[in-house]
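Have a look at the structure below before the remarks.
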Amino acid sequence: MKNVTITVEDSVLDWARIEAARRGTSVSRMLGDFMAEMMQREDAYERAYLAWRTDERSWQQGAQAPAKSVARSASSQRAAGQKDTKSTALGDAA
């Protein structure tokens, strides 16, 4: 375990002392617990972000080919001169 020296405003230190007393702990322990909790949250966030990015990449790779074919079919409908606005609008939305 290491010691750390910090600089805070007097009002912040006053609040921290009162809060630590209310919790039945010390300012040092409260800050240590806070930093450990932040470390765990950051680690969990990083893992979730990496999992999301991995999932997004695999999703995008699988979805790219169909998206192009939908765009081609909507373009070919317009090129063919179809006047049905519902099917054209639906084709554009997909």
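The values are calculated or read from the model by the stated rules, or taken from the named source; none is laboratory data. Fair warning: this is a prediction, and the values are worked out from it, not measured in the lab. Virtual Cβ from ideal backbone geometry, glycine too; neighbours counted across all protein chains shown.
Couple of notes before you dig in:
- Residues of segment 24-40 that are hydrophobic (A, V, I, L, M, F, W, C) and either touching a residue at least 40 places away in the same chain (Cβ under 8 Å) or surrounded by 13 or more Cβ atoms within 10 Å (Cβ to Cβ) (or both): 27, 30, 31.
- Helices (runs of 4 or more DSSP H) enclosed by the chain - at least 1 residues per element that are at pLDDT 85 or above: 10-23, 27-79
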